[in-house]
Structures are given as C-alpha cells and as structure tokens.
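The values are calculated or read from the model by the stated rules, or taken from the named source; none is laboratory data. In this text the structure is predicted, and so the values were computed from the model without any measurement. Cβ placement follows ideal geometry from the backbone for every residue including glycine, while neighbour counts extend to all protein chains displayed. For accessibility, only protein heavy atoms count, side chains too; no ligands or nucleic acids. Shrake-Rupley method; radii C 1.70, N 1.55, O 1.52, S 1.80 Å.
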Amino acid sequence: VGNGTVTVVIATNTDTVARTGTLTIGGQIFTVTEDAAACVFTLGPPSANFGAAGGSSNFTVIANGTNCAWTAVSNSSFINITDGTNGLGSGMVSYTVAANTGTARTVTMTIVDQTFTVHQAGATLDFAFTNVTQACKTKINKKKTTTNTTCAVDFNLVVTNTGVETTPAFKVIFWLGQ
C-alpha cells in the first residue's frame, strides 16, 4: 500500500500492424499503443537483361508485411507492365520489353522506393560474304603487245538482322585496282 514504481518492458513491434495492449495496475487500466514497423520492400531479382528482340519476364516484390501496399510503375514507354501493377504484401510483376531498333539502352520500373532495372542490347545488322569464287581469263595480243585480263567474281551476301525493324537498303561497291 502506498506509492511505488512500476516498470514495464515492451518488446519492439516488428509487425507492420500497430498493436495495443492494456495493463491493470492498482485497479486502474492503462492502455499502451505501439506504432507499426515500417513496410520494407525488396525485389527479386532487382534487374534483367534482354536481347534486342525484347521479350517478357517477371520479378517478385517481397514485402515484410501482408498489409504493405505497393504500386509498380514503368518509367519508359519500352516497358509494359502486363500484370501486378499493385499489390498488398508480397506479389509478382509481369512485364514485356519492346524490341530495340536502336542502340543499347537501360530503362527502369519503380516499386515504392525500389528500382527494377532492364538492360537491353542494341540492334545489329551484320554482313558477310560467303561462297566467294573468282575466275579470270587473260588475252594476250602479240601484235599490240598488250594483255587484257577479265575476272568474274561470284559471291553470296548474307545479311543478319538482329532487332532492326526493317533491313535498310544498301549498296555493295567494289573497287578493283592493280
């Protein structure tokens, strides 16, 4: 009976929901409210690589609580979020990456305070000569003491188009010298 001190130790709330408890001391009820832990998000994986042709994939949004809300936003017209634009707790984001007809690029999506990065290769246009053959004929004019050589070159030109929207028109120019 009389005055006294009561010490109460409350464990840290690691849940993302606030909690409330009561204590009854000396017939009096005391209410204790503890704030929720902050929502924390991670992405798995945090990035992806694509070839120039583009494609589709997905990644996981990992939240530390089932009541943690998130929204996925594309920061580029080259990325289209096809499913999972928002969620509560952990979830999946599905997306497509458009074909790249230019140079290599890096684009991003933002999920709360996290950045998902997409690295995409640039388009390439490669040329190769195959099956190259050469046939030459030489004519000697003994009266004029001249020589005339004519050569024919046969070949296949192979154009490999990776990611370029349309194969551009091109010319093949030969310079023959002696």
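At-a-glance table
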{"read-out": "Subset of the range 100-127 that is outside any loop (DSSP other than H, G, I, E, B) and either modelled with pLDDT under 95 or within 30 Å of PHE155 (Cα to Cα) (or both) - its residue that is most open to solvent (accessible area, probe 1.4 Å)", "value": "PHE127"}
{"read-out": "Test: residue in the range 87-97 that is open to solvent by 70 Å² or more (accessible area, probe 1.4 Å), in contact with an Asp or Glu (Cβ under 8 Å, 6 or more places away or on another chain) and either within 30 Å of GLY4 (Cβ to Cβ) or not in a loop (DSSP other than H, G, I, E, B) (or both)", "value": "yes"}
{"read-out": "Residues of the range 13-38 satisfying the condition of being touching a residue at least 24 places away in the same chain (Cβ under 8 Å) and open to solvent by 60 Å² or more (accessible area, probe 1.4 Å)", "value": "ASP15, VAL17"}
{"read-out": "Residue that is nearest to ALA98 (Cα to Cα), among those in the range 39-58 that are touching a residue at least 60 places away in the same chain (Cβ under 8 Å) and small (Gly, Ala, Ser)", "value": "GLY54"}
{"read-out": "Counted residues, the range 61-75 - those being surrounded by 15 or more Cβ atoms within 10 Å (Cβ to Cβ) and over 30 Å from THR14 (Cβ atoms)", "value": "1"}
{"read-out": "When residues of the range 137-154 are limited to those that are in contact with a Ser or Thr (Cβ under 9 Å, 6 or more places away or on another chain) and open to solvent by less than 70 Å² (accessible area, probe 1.4 Å), the one nearest to GLY51 (Cα to Cα)", "value": "ALA152"}
